[in-house]
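Only one structure is covered here, and it is reproduced in the block below.
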Amino acid sequence: MTIIHFQFLSAILFSLGLYGVLARRSAVLILMSIELMLNAVNINLIGFVAFRGFGQEIQTFGQVLIIFVITIAAAELALAIAIILRIYRNKNSVNVDEMNILKG
Amino acid sequence: MISTDLLLFFIASSLVVGGGVLVVTVKNIVYAAFALLVAMLGTAGIFLLAFADFLALVQILIYGGAVVVVILFALMLTRIEDFKGLTDNSQKPLAVLASITVLTIMMYAIVSTAMPSSKSDPVSMIDLGVNLFQDWAIPFEVASLVLLVALIGAVVLVRQDDEGR
């Protein structure tokens, strides 16, 4: 198990998330794909942290960084769900193709 | 002969990739939420293999617990029957093209950059806690403030208009 395994896994997961964001129609599914992409970033980071031969100090810093990424992801998810519920109440739909009132 | 940790890595990464594929392809949106749960638990396994015990716990608690439950509640509150047959939109071929392009570029970058790999010594959970609450105490508190503001904002956003105002 070397660093390249983590990099490949992260690249695959990130591309899957990108596909989901672009191809899905429901806002909740797009949100799930964004969570996948955030996970890909975390996997890449932990791979570099643990398999680059860093000392204790940098390794701890990397794990702290991942804790912050997870925190911000949770905050983002809460706000996004609130916005989706609000849009559903106003437009009675979570289909992103119908959210085009800003279209010029 | 394949080593044990490599075998475990492949098991965990097949969970992650399998769950990810199901999240972006499956038609039933509730199944997609459970596939997301599988992918998150696989990621926790990856964290364990990279000596990050605490992160694996956090991953299971926050993603396996909170995030998937919140998403299921969102699905429940936005009426699942509406989603039948409209899970993919018309730009699907372009999305396949874009994600394969990004994947190819990243694979090329990974393969062409020889990254020396050597295993670090595992960090103990105690070191992580001490570091988090000494060197990173202020960013930690700011992060909790961000979380608080986001949650209050979420409550204000979804509140009914005709009550409390």
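The values are calculated or read from the model by the stated rules, or taken from the named source; none is laboratory data. Nothing here was measured: the structure is a model prediction, and the numbers come from that model. Quick reminder, even Gly has a Cβ in these numbers, built from the backbone with ideal geometry, and neighbours come from all protein chains shown. Note: areas computed on protein heavy atoms with side chains; ligands, DNA, RNA excluded. Shrake-Rupley method; radii C 1.70, N 1.55, O 1.52, S 1.80 Å.
Considering only the stretch B:118-139, state which residues are facing chain A (nearest Cβ under 8 Å) and of a type in the set (A, V, I, L, M, F, W, C).
B:V123, B:L128, B:L132, B:W136 - these are the residues of the stretch B:118-139 that are facing chain A (nearest Cβ under 8 Å) and of a type in the set (A, V, I, L, M, F, W, C).
Would a scan of the stretch A:37-56 turn up a residue that is assigned to a helix (DSSP H, G or I) and in contact with a His (Cβ under 8 Å, 6 or more places away or on another chain)?
For the stretch A:37-56, residues assigned to a helix (DSSP H, G or I) and in contact with a His (Cβ under 8 Å, 6 or more places away or on another chain): present.
Assuming A:F48 fulfils every condition listed in (1) within 7 Å of chain B (Cβ to nearest Cβ); (2) surrounded by 16 or more Cβ atoms within 10 Å (Cβ to Cβ); (3) in contact (Cβ under 8 Å) with a residue 24 or more places away in the chain apart from one, which condition is it?
Only one criterion is unmet by A:F48, namely (1).
Filter the stretch B:101-117 down to the residues that are more than 7 Å from chain A (Cβ to nearest Cβ) and part of a helix (DSSP H, G or I), then identify the one that is least open to solvent (accessible area, probe 1.4 Å).
The selected residue is B:A109.
Of B:V68, B:V58, B:V16, B:V30, which residue is open to solvent by 10 Å² or more (accessible area, probe 1.4 Å), in a helix (DSSP H, G or I), of a type in the set (V, I, T) and modelled with pLDDT of 90 or more? Outline the logic, then answer.
Details: B:V68 fails: open to solvent by 10 Å² or more (accessible area, probe 1.4 Å); B:V16 fails: open to solvent by 10 Å² or more (accessible area, probe 1.4 Å); B:V30 fails: modelled with pLDDT of 90 or more.
Result: B:V58 is the single residue among B:V68, B:V58, B:V16, B:V30 that is open to solvent by 10 Å² or more (accessible area, probe 1.4 Å), in a helix (DSSP H, G or I), of a type in the set (V, I, T) and modelled with pLDDT of 90 or more.
Tell me, please, whether a residue that is at the interface with chain B (Cβ under 7 Å from one of its Cβ atoms) and open to solvent by 10 Å² or more (accessible area, probe 1.4 Å) can be found in the stretch A:55-67. Lay out the reasoning, then the answer.
Initial filter on the stretch A:55-67 (at the interface with chain B (Cβ under 7 Å from one of its Cβ atoms)): A:56, A:59-60, A:63-64, A:66-67.
Retained after the next criterion (residues that are open to solvent by 10 Å² or more (accessible area, probe 1.4 Å)): A:56, A:67.
So far as the stretch A:55-67 goes, yes, one or more of its residues are at the interface with chain B (Cβ under 7 Å from one of its Cβ atoms) and open to solvent by 10 Å² or more (accessible area, probe 1.4 Å).
What residue, among those in the stretch A:76-90 that are closer than 19 Å to B:V68 by Cβ and more than 7 Å from chain B (Cβ to nearest Cβ), is least open to solvent (accessible area, probe 1.4 Å)?
Among residues in the stretch A:76-90 that are closer than 19 Å to B:V68 by Cβ and more than 7 Å from chain B (Cβ to nearest Cβ), the one least open to solvent (accessible area, probe 1.4 Å) is A:A80.
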